[in-house]
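Working notes, beginning with the structure itself.
Only the coordinates and a few stated rules stand behind these numbers; no lab work does. Quick caveat: nothing in here was measured; it's all calculated off a predicted structure. Glycine also receives a Cβ, built like all others from the backbone with ideal geometry; neighbour counts cover every protein chain displayed.
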Amino acid sequence: MNRIATTFEQLASRGRKALIPYVTAGFPFADITPALMHGMVGAGADVIELGVPFSDPMADGPVIQKAGEKALALGVGLKQVLGYVREFREENQATPVVLMGYANPVERYDQIHGSGAFVNDAAAAGVDGVLIVDYPPEECENFAAALRAKGMDLIFLLAPTSSDERMAQVARVASGYVYYVSLKGVTGSGTLDTAAVEAMLPRIRKQVSIPVGVGFGIRDAATAQAIGKVADAVVIGSRIIQLLDGQPHEKVVPVAVDFLRGIRKALDA
């Protein structure tokens with residue numbers, strides 16, 4: 001059993017929900033990411049999603065786009081992201097790390113380093129799961145199998161517009177957890193409708209047997225708590241990026257820690 005499955009099993013046994021913060025790797029400073037990851041774990045994060053900077057992130061709103069552009073300008077690419085995970089693993093062998101991004105950086109990595117290099121290097125670095133936004137389930141069974149052979153999960157997004165057939169396709173390939181995008185549109189957009197999420201989750205669970213995390217639109221303790229009542233995990237990204245943007249180096253980790261402690265407290269209440 002890998003770290004993601006172990007984490008969700010342990011949380012379920014204690015009646016707790018997973019807190020999954022998302023941060024763009026290399027933002028807001030190229031050297032901050034491992035310390036930020038450790039800080040978030042200390043504040044109660046159960047899984048960390050690390051965004052791989054990319055120049056054309058079609059699912060991301062202005063906040064995460066801007067963070068990605070800044071990280072790219074600082075020279076942060078997939079090679080550096082794997083380096084952050086390796087550094088994190090020097091002290092933390094327990095917390096799952098998921099890379100979230102797009103097909104282009106992964107395929108470019110294999111072009112440069114050789115076929116299968118991404119899967120091998122991600123596993124060696126200590127990555128537990130991969131979420132590639134623009135990989136449809138029907139086209140990546142081989143990729144999913146290669147990840148599973150190295151103990152890693154391939155995680156998929158589901159949306160309010162996903163049909164039962166689409167959910168079943170995802171269920172055949174996905175492992176770890178699925179990430180339900182609670183809003184139509186990009187990250188950081190719109191207002192969360194918790195009643196709509198609550199109505200959707202039973203439909204998803206009819207098709208999908210692994211845990212369901214919910215993200216997009218969760219901005220504070222109240223919305224996190226409401227979603228935590230019905231989902232297995234709460235994913236928060238854009239709000240964290242907003243809070244970190246413009247902070248001096250020494251404030252980045254404390255600001256993230258303070259915010260996540262409030263979310264953790266609300267989830268556990």
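A few points about this structure:
- Global geometry of the stretch 158-269, whether rounded, prolate or oblate, following the gyration tensor of its Cα atoms and the 1.5 cut on a/c: prolate
- Of the DSSP H helices in the chain, those whose Cα atoms cover at least 27 Å axially and whose Kyte score averages -0.5 or more: 249-268
- Between residue 124 and residue 205, the simple spin-label model (points 7 angstrom out along Cα→Cβ) gives 4.2 nm.
- Whether the stretch 45-145 is rounded, prolate or oblate, judged on the alpha carbon gyration tensor where a/c under 1.5 counts as rounded: rounded
- Near residue 220, once Lys and Arg are set to +1 and Asp and Glu to -1 for all other residues with Cβ below 14 Å from its Cβ, the sum equals +4.
- Likely footprinting exposure, 38, 249, fewest C-beta neighbours within 10 Å first: 249, 38
- Dividing the summed helix terms, -39500 (n - 2.57) for each DSSP H run of n ≥ 4, by the number of residues in the chain produces a 222 nm estimate of -15000 deg cm²/dmol to the nearest 500.
- Low-density loop positions, trypsin sites (Lys or Arg not before Pro), the stretch 108-168 - DSSP coil, at most 16 other Cβ in 10 Å: 150
- Cα-based Lys proximity count in the stretch 3-268, under 19 Å, for pairs eight or more positions apart or on separate chains: 7
- Using the Cα coordinates of the chain, the gyration tensor eigenvalues translate into equivalent-ellipsoid semi-axes of 24, 23, 18 Å, sorted from longest to shortest.
- Order of 198, 141, 87 under a 10 Å beta carbon neighbour criterion, fewest first: 141, 198, 87
- Relative contact order of the chain, pairs being alpha-carbon contacts under 8 Å that are 6 or more residues apart, as %: 23 percent
- With 0.36 nm allotted per residue and the present C-alpha distance subtracted, the residue 1-residue 13 stretch has 2.8 nm of extension available.
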